[in-house]
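What follows is a set of notes on a single structure, which appears directly below.
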Amino acid sequence: MFTGIIAAVGKITAIKNNEKDMTITVHAGELEMNDVKLGDSISNNGVCLTVTRLGENSFDADVSHETIRLSGFANIQPGFMVNLEKAMQMNDRFGGHIVSGHVDGVGEITSISPLGNAVEYWIKAPDDLAKYIAKKGSITVDGISLTTNDVDGASFKLTIIPHTISQTTMQYYVVGSRVNLEVDVIARYLERLVLGKHAADTNKKQQSTMELLAKSGFMG
């Protein structure tokens, strides 16, 4: 588990393409590596990857076909910058929100505008993720724990302070940049709870979420 508080920005220095997956080498930048062991988990742009080899201030990780399919790793090249966070320890300060490191989809930055010292970003999420994104809710963008300030359909707005931008890959974002998204895990569990006894049905589309909310007494 992660918190979405980025510890360092790393760089992918090598990519070995296998038959259906890949192995990447990541230079860890300023990430403290003294306590990292083989088999540990490190979030790379929000993707939980397992350390398979340790080098001098670097590590290797395997990226599965499923991860490539669901994330922005499908288009990476050597030199690609990644946000890094080591897995949370029980005695760590919990500064962000619960982040699993399992990317739900890829969004696209559609607008970047200055707002005083801050910067506003509008990001278009895949349509099937829109129901999990709420105004003033939590969302993970490239591994960063952020708060949505506004929502318009499947698009959402972020207002980011200079410190966050300078300490993450957000400094490299331009209109059209594609970013890994992970929705708040609580929203996913809530969806399953609302299904109630219907969660075991194989025909998952037999009732809409709104119909189930109404039948469960949550709507008038």
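Close contacts from the range 13-25, counting a first residue that is more than 20 Å from residue 55 (Cα to Cα) and a second that is assigned to a strand (DSSP E or B), with Cβ to Cβ under 7 Å and a gap of 6+ residues or different chains, come to 21/62; 21/63. Considering each residue of the range 26-52, count those that are β-branched (Val, Ile, Thr) and free of Cβ contacts under 8 Å to residues at least 40 places away in the same chain, and give that number. Residues that pass the stated criteria total 3.
Within the range 178-190, track down each residue that is in contact (Cβ under 8 Å) with a residue 60 or more places away in the chain and either of a type outside the set (Lys, Arg) or on the phi > 0 side of the Ramachandran plot (or both). First the steps, then the outcome.
Quick first cut of the range 178-190, residues in contact (Cβ under 8 Å) with a residue 60 or more places away in the chain only: 178-186.
Correct list: 179, 180, 181, 182, 183, 184, 185, 186.
The one condition from (1) within 20 Å of residue 11 (Cα to Cα); (2) modelled with pLDDT of 95 or more; (3) under 17 Å from the mean Cα position of the chain (by Cα); (4) surrounded by 17 or more Cβ atoms within 10 Å (Cβ to Cβ) that residue 76 does not meet is (2).
In the range 1-31, the residue that is nearest to residue 145 (Cα to Cα) out of those that are out of contact with any helix residue (DSSP H, G or I) (no Cβ under 6 Å at 6 or more places or on another chain) and at pLDDT below 95 is 4.
Which of the residues that make up the range 159-177 are surrounded by 15 or more Cβ atoms within 10 Å (Cβ to Cβ), in contact (Cβ under 8 Å) with a residue 60 or more places away in the chain and part of a helix (DSSP H, G or I)?
Pass one, the range 159-177, residues surrounded by 15 or more Cβ atoms within 10 Å (Cβ to Cβ): 159-160, 164-165, 167-170, 173, 177.
From what is left, the residues that are in contact (Cβ under 8 Å) with a residue 60 or more places away in the chain are 167-169, 173, 177.
The one that is surrounded by 15 or more Cβ atoms within 10 Å (Cβ to Cβ), in contact (Cβ under 8 Å) with a residue 60 or more places away in the chain and part of a helix (DSSP H, G or I): 169.
Taking every residue in the range 122-134 that is without any contact (Cβ under 8 Å) to a residue 60 or more places away in the chain and pairing it with any residue that is assigned to a helix (DSSP H, G or I) and aliphatic (A, V, I, L, M), at least 6 positions away or on another chain, the pairs with Cβ-Cβ distances below 9 Å are 132/187; 133/187; 134/187.
The values are calculated or read from the model by the stated rules, or taken from the named source; none is laboratory data. Predicted, not measured: the structure shown is a model, and the values here were computed from it. We place every Cβ from the backbone using ideal geometry, glycine too, and count neighbours over all the protein chains shown.
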